[in-house]
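*Asks:* Pasting a structure here, questions to come.
The values are calculated or read from the model by the stated rules, or taken from the named source; none is laboratory data. Being a predicted model, the structure only gives us computed values, none of them experimental. Don't worry about glycine lacking a Cβ; one is built from the backbone with ideal geometry, like all the others, and counts go over all protein chains shown.
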Amino acid sequence: MDPARVLIIEDQLLTANVLKEGLLKAGYEISGIAQNYEEAMEIVRTHNPDFALIDIQLEEGSLDGIATALALLRYKEMPIIYLTANTDVFNRAKDTNPTAFLEKPFRIKELLLQIELAIHNFYTSSVPYNIRQTDHLFLPFDKAHIRVPKEDICYIKAQRNYSDVFLTRDRYKKIFPDKNSYSPVLLTLNAGYLFKHLPANFFQLSRSIIINLNYVDRVESDMIHLEGDLLPIPEGKYKLLLERLNTIKSR
């Protein structure tokens, strides 16, 4: 699965570069850094970002961050995350329906959590309500559709426009009673599209792997144990993963 592309709209270059470094380390792709509305629109037209981080107090150009967001949203609908040191503008910012609002100064790991939630909430909200509410999916497989409870999906591995879906052993046996050995179910579906249909306990571990947090058995600094499988943890994702799990820190 391709990494999410982010547009950074921030006129303080030091802050913009700190954001850029943190996002790159976490596996995101930077569409560009803009200091004003005009630069932001050019990046949206040419690089098609998936979401935008916008500083509200833009001193460069004729529009502030909120007006810039409104203009961008007329061109393309996308998640908007505001960054500001001035919370007095919160009520005005709400009119643009942002997916997150962070007060400066903030920690990068806090920003990464908000980004993940923003992307998840934005794209799952575009899925029809009746699909989001069901506890199962009917997935296309071998000229038919198989019923799979969402909680029986352990993890998904992307392969370009295909996806390997790793089910629980029990569910696999129920669906394929005649098969003697276990193997992932290969679907002609993009993993990003599947992710839109999954609940909040699913986590994008890397560009190509989505995991069900309910099946995590053990987490090491560079490896995760999940239903008997070992999956590598990309650099920058370890702390974010621990934040999503019910971890108890030692004193």
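*Asks:* May I ask you to list the residues in segment 76-105 that are in contact (Cβ under 8 Å) with a residue 12 or more places away in the chain and either of a type in the set (Phe, Trp, Tyr) or in a helix (DSSP H, G or I) (or both)?
*Replies:* Those that are in contact (Cβ under 8 Å) with a residue 12 or more places away in the chain and either of a type in the set (Phe, Trp, Tyr) or in a helix (DSSP H, G or I) (or both): 82, 87, 89, 92, 93, 101.
*Asks:* In addition: Can you find a residue that is farther than 30 Å from residue 242 by Cα and small (Gly, Ala, Ser) anywhere in segment 88-95?
*Replies:* yes
*Asks:* Residues of segment 147-167 being crowded, with 18+ Cβ neighbours inside 10 Å and either free of Cβ contacts under 8 Å to residues at least 12 places away in the same chain or in a strand (DSSP E or B) (or both), which ones?
*Replies:* Result: 148, 153, 154, 155, 156, 157, 158, 163, 165, 166, 167.
*Asks:* Could you check residue 8 against (1) surrounded by 18 or more Cβ atoms within 10 Å (Cβ to Cβ); (2) part of a helix (DSSP H, G or I) and say which number it fails?
*Replies:* Every condition holds for residue 8 apart from (2).
*Asks:* Related question: Quick check on segment 108-131. Is at least one of its residues in the same structural domain as residue 236 (by TED's automatic domain parsing), modelled with pLDDT of 85 or more, among the β-branched types (Val, Ile, Thr) and buried (at least 17 other Cβ atoms within 10 Å of the Cβ)?
*Replies:* no
*Asks:* Still on this model: Please find, within segment 198-223, the residue that is farthest from residue 4 (Cα to Cα) out of those that are touching a Leu at 6+ places or on another chain (Cβ under 6 Å) and at pLDDT below 90.
*Replies:* 201
*Asks:* For the condition exposed (fewer than 11 other Cβ atoms within 10 Å of the Cβ) and not aromatic (Phe, Trp, Tyr), what is the one hit in 170, 229?
*Replies:* Only one candidate passes the filter, namely 170.
*Asks:* Looking at segment 170-194, which of its residues are touching a Phe, Trp or Tyr at 6+ places or on another chain (Cβ under 7 Å) and outside any loop (DSSP other than H, G, I, E, B)?
*Replies:* Scanning segment 170-194 gives 172, 185, 186, 187.
*Asks:* Tell me, please, whether a residue that is modelled with pLDDT of 85 or more and surrounded by fewer than 19 Cβ atoms within 10 Å (Cβ to Cβ) can be found in segment 76-87.
*Replies:* No: segment 76-87 contains no residue that is modelled with pLDDT of 85 or more and surrounded by fewer than 19 Cβ atoms within 10 Å (Cβ to Cβ).
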